[in-house]
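All of the numbers you see were taken from the coordinates with simple rules; none came from a lab. Note that the coordinates shown come from a computational prediction; the quantities given were computed from them, not determined experimentally. Glycine also receives a Cβ, built like all others from the backbone with ideal geometry; neighbour counts cover every protein chain displayed.
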Amino acid sequence: MTPELPVWRSLMYCPANVEKYVDRAHTRGADVIQLDLEDSVPPAEKAAARKLVERAAARVRRGGADVVVRFNQPLSLAVRDLEYAICPDVDALACTKIGGASHVQLLDELVSELEEKRGMTVGHTKFITMVETADAFFKIREILRASKRIVATNIGGEDFALDNDMQPTGEALFYPKQHMIFAANAAGVIPLGFIDSVAGFGDWEAFRNMVRRSRDFGFKGASCIHPGQVGIVNEEYTPTKAEVDYAQKLIKLDQEAAASGRGSFTLDGKMVDIPIIVRAQKLIARYEKIKAREARTLAATEHRT
C-alpha cells in the first residue's frame, strides 16, 4: 500500500543559524519550515548551525508547520549534519545533490541507525530528493524508488543549470522539470517546484500567475525564499471554491448517469467521462486534506496563544 503523502504546498526556507528568522518562522503560515544548513549558511558557520537544529525545529513548528532540514553534501558534511538533524521534531530531510539510488540507500541506512540510537520509530524521517545534476537527472526513476522514505522530489534549478552550463530560466528548465513531474507521479511522490525561476521576486501579480501556471503543469507545492510568497503559494496550490463546487456537481451528475446505465454525459457542451470524474474526485480529496491541515494549524495556533 502506498503511504499517504503529506500536504506540503509551501516550504519556506529559514537559515538555521539566523535567530531573527527562526524566531518568526512559525508566524509565516507555511505548511513546512525548511531549516537550512546548506546554501544560506556560510562554510565558517556550518558547524555551529547544525547544533542549533533540534531546538530550532521545536520552535518553528509551533504554528503547526512540519519541519524539513536541508543538509549539505559531500558525505563528510552530510554525516555531521544528520547526527544533529535526526530528532522527533524534524519530519523530513531535503537530500541535496542526490547522485543515484545507491546514494539514497546509503542515507536511508544512516538515518535508520540514528533513529534507532535516539529511540525513534524507524522510518519517521521522510526524504525530499533534490535532483541537481545532469547525471542524476537520467537516474531519476531509480532514485525515486530507492527508499520508502521518499515523499517528494524537485529539480534544484540553480545547481542543475550550473551543472549543464545553461541559464536557470523557465524555458531552459522546462523539459527537466516536466520530466520530473512525470517521474514523481510514476513513483507516487509529490512533485515540488515552479515552472519558472523564483530567483527574483517583488512583482507579486506576475508571481501569482506563474504559480497558477505551475499548478496547471502538475506541481503540488514549492519552496519559498521570501515570506511574501507563502500566502500566494498556499492559495494557488489549493483548489478554489468554484473548482470544488464544479467537481462536486460532476460527481453528482455521474452518479445519476450511472444509475440510468450511462457511462458518460454532457455538461456545458462538453462530454464528461471517467478521466474527468477521477480528476474531480482527486481534486476534492486534495481539498479535504488541505482543509484538515488548516484546521490542525489553527488548533496549534490557538493552543499557543
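Of note:
- Cα centroid separation, the range 171-218 to the range 260-284 (Å): 27
- Fraction of the pair-distance distribution of the range 241-304 above 17 Å, Cα-Cα pairs, percent: 49
- Working note: Karplus 6.51/-1.76/1.60 with θ = phi - 60° gives the range 272-285 the couplings 10, 9, 4, x, 5, 5, 4, 4, 5, 5, 5, 5, 5, 4 Hz, where Gly and Pro are set to x.
- Taking the DSSP beta bridges with both ends in the chain, the antiparallel portion is around 10 percent.
- Shape of the range 194-305, Cα gyration tensor, a/c cut at 1.5: oblate
- For Leu93, distant residues with modelled amide H under 5 Å away: Val69, Lys126, Phe127, Ile128
- Point-to-point label distance, Arg213-Lys291, nm (Cα→Cβ direction, 7 Å offset): 3.2
- Rounded to 10°, Cα long-axis angle of helix 101-117 versus longest principal axis of the chain: 70
- The chain shape via C-alpha gyration tensor axes, a/c threshold 1.5: prolate
- Each residue of the range 176-193 is assigned a 3J(HN,Hα), and the resulting list reads x, 6, 5, 4, 4, 4, 4, 5, 5, 5, 5, 8, x, 10, 7, x, 9, x Hz, derived from the Karplus form 6.51 cos²θ - 1.76 cosθ + 1.60 (θ = phi - 60°), x at Gly and Pro.
- Crossing angle, helix 75-85 versus the chain [Cα axis fit, 0-90 degrees, rounded to tens]: 80
- A straight chain from Thr27 to Glu113 at 0.36 nm per residue would run longer than the Cα-Cα distance by 27.6 nm.
- Adding -39500 (n - 2.57) for every DSSP H run of four residues or longer, then dividing by how many residues the chain holds, sets the calculated 222 nm ellipticity at -15500 deg cm²/dmol.
- The range 5-142 shape via C-alpha gyration tensor axes, a/c threshold 1.5: rounded
- Comparing Arg286, Arg50, Arg262 in a Gaussian network model of the chain where C-alpha atoms under 10 Å apart are linked, the largest mean-square fluctuation is found at Arg262.
- Partner lysines whose Cα lies under 27 Å from the Cα of Lys97, excluding those fewer than 8 positions away in the same chain, are identified as Lys46, Lys51, Lys117, Lys126, Lys139, Lys148, Lys177, Lys220.
- Of Pro88, Pro15, Pro74, the residue with the greatest mean-square motion in the GNM of the chain, using alpha carbon springs below 10 Å, is Pro74.
- Between 0 and 90 degrees, the angle of helix 227-236 with respect to the longest Cα principal axis of the chain falls at about 30 degrees.
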